[in-house]
Amino acid sequence: MDDLEKAILFRFDESGSIDPNLKLEAVKYCESLKESTPSICRLCIERFQFTTYVQVQFWCLQTLHEVVRTRYSMISADEMEFVRKSVLSMACGGGGGGGEDDKSNVGGVLEGPVFIKNKFAQVFVTLIYFEYPLIWSSCFVDFVPNLVKGNAVIDMFCRVLNALDDELISLDYPRSGEDVAVAGRVKDAMRQQCIAQIVRAWYEILNMYKNSDAELCTAVLDCMRRYISWIDIGLIANDAFVPLLFEFILVEGLPEQLRGAGAGCLLAIVSKRMDSASKLSLLRSLQINRVFGLVAGDVDSELVSKIGLLLTGFATEALECSKRLDSEEMKVVATELLDEVLPSVFYVMQNCEMDATFNIVQFLSGYVSTLKTLTPLKEKQVVHVQQILEVIHVRICYDPEYRENLSIPDKIGIEEEERMIEYRKDLFVLLRSVSRVAPDITQMFIRNLFAGALVTSSDRNVEEVEAALSIFYALGEYLNEEAVRNGNPLVRELLPMLLSARFPCHSNRLVALVYLETITRYVKFVQDNDQCTPLILAAFLDERGIHHPNINVSRRASYLFMRVVKSMKSQLIPFIEKILQSLQDRVAQFTQLDWKSGDMTNSGSEDGSHIFEAIGLLIGMEDVPQEKQAEYLSSLLIPLCNQVQELLLNANVQNQEESYAKIANIQQLIMAINALSKGFSERLVTASRPAIGSMFKQTLDVLLQILVVFPKVDPLRSKVTSFIHRMVEVLGAAVFPYLPRALEQLLANCEPKEMVGLLVLLNQLICKFSVLMRDILEKIFPIIASRVFDVLLTREIPSGPGSNTEENRELQELQKTLYTFLHVITTHDLSSVFLTAEGKNYLKSIMPLLLHNSCYHKETTVRKSCVQIFIRLIKDWCTGSNEEERVPGFRNFIIETFAPSCCLYSVLDKSFEFRDANTLVLFGEIVVAQKIMYEKLGDEFLVHFVMKGFQTANCPQNLAEEYCQKLQGSDIKALKTFYQSLIEDLRRQQNGTFVFR
């Protein structure tokens, strides 16, 4: 063994016994040899002939492939001639270099393992890529006569043709433009020169070996299938080949793989692209009914799967012919072929696993679309529609194998459920199409499915029950609201039955969930059919819904019940007592929490909040008698508040684990109270029934204590803030006495990142109460300004790659919320807040920030808000020239800084894109700002803006004068149009070189 063989063996060693450094040296040695040896191709071929190690053989072939592929133009003509002759000789059973009879190869390619043969085929195809047909025109012509040497050469020939398809011809892989051109060149040459010889060789080999070597025949058929799509179809679809293919398919006793390979070739013939008339003639000549009987075999067999693909491919082509042909006579022929094959196709679709490459829905949708113009449907077509519905039902059924995984659900179950949800989408679209073509047939099918589901006596058919309910649910998606409300005949018949149904498999999570989703979908029908109200309530309140043993079902039922209550509120008033009694145990889970255990699994945030929201919607109606309403509400609020107060006692002396449990429990309680309040209107609690309002005020008193006891617990602060939002909507102005205390506590330990939530609350308060908020704002604005500006003025928010961090997102959110806050203040007549003794201190920070962002902020909406703020401040603070300034220096700031920077220079910048709709809105506000400045500041503004700003931008005198006229006029639309034209003219004049800053 020489150094090269040692290096190669070390390189490919996977035992771990070779020192890593030595292995690295071996790799370097092999690579250097590739680069430094001029005749590396010859070396590889000669080394291949004499080595006894397959690792060395593989390295030689791999290197030969790489060198030819990457350095073809650098290899000498003599060396390429040697490579060419050697490769052909090796493929045909010789050694290498000397010719076909050279026997010097110790372990030839044909006797090597599969991976050696495949690598060799790649080398052969690489030579074809560069040399066929211009240089090596005889590669196929010289190869074919050698096929008489037997199985090994035939096998290698098939591998070369397969590799040629994989590496160059097949359109199943993405190809570069150059590869597509080479593929075209190779195919053209083969069609002209040798493809007829190759097809003849296939035929002779198949005839010769059909009874003796099934594996070889299978390989030949699989190879042939790849080429049918682009060779002359007459070479295959003829009286010699087609009977031979059917012989392979139909003869019992032959291996399934061989029979399936025959079916694959027939499918390739059927799928061959050609004009519709020729295709119809071809389909008719095949007599495909000969294979119908084969699909009734073992549905799990490979043969039945292959036959299924053949029949569906045949049906697809017949369908296309029926759609494309103009001749009525030929359409009839195509339809007859389709009608003949469809029963077998439907059987396969229902009973066999289809190849992923075949789109069942696409084919069936195409067939259904052809029925739209046919009224009424013929008997055969009715049968076909029924079979399509059966296919849909079978295909949407879950595999029983996953039943346990789906009921938990575990990771496998979740993945299967997600897969099926996606898979079902197209099938339900198909169901919708079928229902439009044949509504009566579809409804009868659903009725029968439903009847079968109702009489199921065990959980044996869990998946079929779930599928039947899912189809009934899907029916509701394409029925309009009117059809559901007034009772589509099927809905009128089935929904009462569904509402009363108790399936033996109702404990299954998927069955329970789709049951609840379905009755929720048809709630409009229940609304107009009072007799169904007790039934839908029972379904949600018993073990089918909220009391279902599966917590996932119970939580979903709580949410859906809340939606039903929202839709049916007034109809449920007679049932309030019954509903509250049924929910008593669920409510008690919140009013009797064991915080010491920290066990929250029985409540769950979704479950609790939705139940309380549903109760709130019910008892919050004015139709409920006042005494009863107060009784219901107090029976809920008092225990909840007592629970909060109990949890607040000695809150700081517990260990950390107990503290976490308390905090979690308090969050749940706040969410429950918050949800409960959503059913009550401001008019009811403040005007018609103030006693109810008093209950919520007392609750607010209790919950505000949380901010004192847990001043730095972010989740609790967030939940209390959310509750204050609710109380603003519920109590209206009655919340005012609580605001100073609440805001003081929220401000006391408010970190910058929490400031966003506080500003949002203040925005709500200002929008609702406007100038009534003045006194509160005057007190808290300096504190807010101090903290926000401390963050925003000391940290620059980066942009560009890597800037999308959580911290930067928080800063951006704070900045945007601040501008909204300032905008809300100014647009609600509260700008005086900025002019208090302490507030004035922050104007020096506010004005530059607003100015900068009105000119340069990357979000157009933020720029617009800043401009609008300036507009309001100009209206509020700018007085006549002879009057004393309300805000010293503001007038000059607007004239000398804001006006030119925002209203001229920022819009001259090429980044100001007039084609953008949001930018046009911003531009409109900038024009309005100029109009307001002229009205408030008069000629002082106009002279400075025109004389200084326009002159800097080199604006022609005539345009400046026209601007003055438009500004002084009353038509704001004309001013906007002119100013846009002016800016565009100035931009062209500057030619994009003048940047204003």
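Whenever a residue of segment 897-915 is farther than 15 Å from residue 981 by Cβ, its partners that are among the β-branched types (Val, Ile, Thr), lying with C-beta atoms within less than 7 angstrom and at least six residues away or across chains, give the pairs 902/867; 902/926; 903/926; 909/995; 913/919.
Within segment 669-681, can you find the residues that are in a helix (DSSP H, G or I) and open to solvent by 10 Å² or more (accessible area, probe 1.4 Å)? Quick ask: steps written out before the conclusion?
Within segment 669-681, the first condition is being in a helix (DSSP H, G or I), and the residues that meet it are 669-677.
671, 674, listed by residue number.
Kindly indicate which of 301, 305, 344 is over 30 Å from the mean Cα position of the chain (by Cα), open to solvent by less than 40 Å² (accessible area, probe 1.4 Å) and over 21 Å from residue 271 (Cβ atoms).
Going through 301, 305, 344 in turn, just one is over 30 Å from the mean Cα position of the chain (by Cα), open to solvent by less than 40 Å² (accessible area, probe 1.4 Å) and over 21 Å from residue 271 (Cβ atoms): 301.
The number of residues in segment 29-79 that are open to solvent by 60 Å² or more (accessible area, probe 1.4 Å), within 26 Å of residue 111 (Cα to Cα) and modelled with pLDDT under 90 comes to 2.
The condition of being closer than 24 Å to residue 819 by Cα and part of a helix (DSSP H, G or I) holds for only one of 780, 706, 692, that being 780. What do you reckon, is residue 575 assigned to a helix (DSSP H, G or I), at pLDDT 85 or above and either aliphatic (A, V, I, L, M) or farther than 21 Å from residue 509 by Cβ (or both)? For residue 575, the condition - assigned to a helix (DSSP H, G or I), at pLDDT 85 or above and either aliphatic (A, V, I, L, M) or farther than 21 Å from residue 509 by Cβ (or both) - is met.
Looking at the structure I just gave you, is residue 758 over 20 Å from residue 873 (Cα atoms) and either small (Gly, Ala, Ser) or in contact with a helix residue (DSSP H, G or I) (Cβ under 9 Å, 6 or more places away or on another chain) (or both)? Before you say what the answer is, go through the steps one by one.
Working: over 20 Å from residue 873 (Cα atoms): yes; either small (Gly, Ala, Ser) or in contact with a helix residue (DSSP H, G or I) (Cβ under 9 Å, 6 or more places away or on another chain) (or both): yes.
Taking the combined requirement at face value, the residue satisfies it.
Just one of the numbered conditions (1) touching a Cys at 6+ places or on another chain (Cβ under 8 Å); (2) without any contact (Cβ under 8 Å) to a residue 40 or more places away in the chain; (3) under 21 Å from residue 858 (Cα atoms) is not true of residue 920: (1).
Please determine whether any residue of segment 228-242 is open to solvent by 10 Å² or more (accessible area, probe 1.4 Å), part of a helix (DSSP H, G or I), farther than 23 Å from residue 169 by Cβ and out of contact with any Cys (no Cβ under 8 Å at 6 or more places or on another chain). Yes, there is a match, as at least one residue in segment 228-242 is open to solvent by 10 Å² or more (accessible area, probe 1.4 Å), part of a helix (DSSP H, G or I), farther than 23 Å from residue 169 by Cβ and out of contact with any Cys (no Cβ under 8 Å at 6 or more places or on another chain).
Counted as qualifying within segment 298-407 are the helices (runs of 4 or more DSSP H) with 2 or more residues that are β-branched (Val, Ile, Thr), namely 302-324, 328-351, 360-371, 379-396. From the residues in segment 682-701 that are surrounded by fewer than 17 Cβ atoms within 10 Å (Cβ to Cβ) and not charged (D, E, K, R), which one is nearest to residue 738 (Cα to Cα)? Residue satisfying both the conditions and the ranking: 698. When residue 520 is tested against (1) crowded, with 21+ Cβ neighbours inside 10 Å; (2) β-branched (Val, Ile, Thr); (3) more than 32 Å from the chain's Cα centre (by Cα), exactly one condition is not met: (3).
The conditions of being open to solvent by 10 Å² or more (accessible area, probe 1.4 Å), modelled with pLDDT under 95 and either over 23 Å from residue 433 (Cα atoms) or not small (Gly, Ala, Ser) (or both) are not met by residue 349.
Of the helices (runs of 4 or more DSSP H) lying entirely inside segment 127-193, those containing at least 2 residues that are of a type in the set (Lys, Arg) and over 37 Å from the mean Cα position of the chain (by Cα) span 177-193.
Please determine whether any residue of segment 910-917 is closer than 23 Å to residue 984 by Cα and of a type in the set (Asp, Glu).
yes
Screening residue 914 against (1) under 25 Å from residue 848 (Cβ atoms); (2) hydrophobic (A, V, I, L, M, F, W, C); (3) surrounded by fewer than 16 Cβ atoms within 10 Å (Cβ to Cβ) leaves a single unmet condition, (1). Do we have residue 911 as under 46 Å from the mean Cα position of the chain (by Cα), among the polar types (S, T, N, Q) and not in a helix (DSSP H, G or I) here? So residue 911 passes the test. Looking only at residues in segment 462-508 that are part of a helix (DSSP H, G or I) and of a type in the set (Phe, Trp, Tyr), the one that is surrounded by the most Cβ atoms within 10 Å (Cβ to Cβ) is 472.
Are any residues in segment 462-484 acidic (Asp, Glu) and in contact (Cβ under 8 Å) with a residue 60 or more places away in the chain, and if so, which ones?
Residues of segment 462-484 that are acidic (Asp, Glu), as a first pass: 463-464, 466, 477, 481-482.
Of everything in segment 462-484, those that are acidic (Asp, Glu) and in contact (Cβ under 8 Å) with a residue 60 or more places away in the chain turn out to be 463, 464, 466.
Residues in segment 331-381 that are in contact (Cβ under 8 Å) with a residue 60 or more places away in the chain and basic (Lys, Arg): 372 only. Scanning segment 419-446 for residues being surrounded by fewer than 17 Cβ atoms within 10 Å (Cβ to Cβ) and either β-branched (Val, Ile, Thr) or part of a loop (DSSP other than H, G, I, E, B) (or both) gives a total of 2. Residues in segment 825-878 that are charged (D, E, K, R) and surrounded by fewer than 17 Cβ atoms within 10 Å (Cβ to Cβ): how many? Total meeting the criteria: 7. Residues of segment 933-980 that are among the hydroxyl-bearing types (Ser, Thr, Tyr), open to solvent by 70 Å² or more (accessible area, probe 1.4 Å) and more than 23 Å from residue 878 (Cα to Cα): 977 alone. Could you list, in sequence order, the residues of segment 191-204 that are open to solvent by less than 20 Å² (accessible area, probe 1.4 Å) and under 12 Å from residue 224 (Cα atoms)? Matches in segment 191-204: 195, 198, 199, 201, 202. Scanning segment 689-722 for residues that are among the small types (Gly, Ala, Ser) and under 18 Å from residue 735 (Cβ atoms) turns up 691, 693, 694, 722.
If you take the residues of segment 408-418 that are assigned to a helix (DSSP H, G or I), open to solvent by 30 Å² or more (accessible area, probe 1.4 Å) and not β-branched (Val, Ile, Thr), which of them is farthest from residue 441 (Cα to Cα)? It would help to see each step written out before you state the result.
Of the residues in segment 408-418, the ones assigned to a helix (DSSP H, G or I) are 411-418.
After this cut, where a residue has to be open to solvent by 30 Å² or more (accessible area, probe 1.4 Å) as well, the list is 411-412, 414-415, 417-418.
Cutting the leftovers down to not β-branched (Val, Ile, Thr) gives us 411, 415, 417-418.
On the way: 411: 39, 415: 34, 417: 29, 418: 30 Å.
This residue is 411.
Of the residues making up segment 310-326, those that are in contact (Cβ under 8 Å) with a residue 40 or more places away in the chain, over 14 Å from residue 362 (Cα atoms) and open to solvent by 10 Å² or more (accessible area, probe 1.4 Å) are 322, 323, 324, 325. For residue 367, the conditions (1) more than 31 Å from the chain's Cα centre (by Cα); (2) open to solvent by less than 40 Å² (accessible area, probe 1.4 Å); (3) at pLDDT 90 or above all hold with the exception of (1). Condition check for residue 273 on (1) open to solvent by less than 30 Å² (accessible area, probe 1.4 Å); (2) within 19 Å of residue 235 (Cα to Cα); (3) of a type outside the set (A, V, I, L, M, F, W, C): one failure, at (1). Selection of segment 542-571 for residues being surrounded by 21 or more Cβ atoms within 10 Å (Cβ to Cβ), of a type outside the set (A, V, I, L, M, F, W, C) and part of a helix (DSSP H, G or I) yields 554, 556, 558.
The values are calculated or read from the model by the stated rules, or taken from the named source; none is laboratory data. Since the model is a prediction, treat every value here as computed from it, not as a measurement. Positions of Cβ are backbone-derived with ideal geometry, glycine not excepted, and every protein chain shown enters the neighbour counts. We work out accessible area using only protein heavy atoms, side chains counted, and drop any ligands, DNA or RNA first. Shrake-Rupley method; radii C 1.70, N 1.55, O 1.52, S 1.80 Å.
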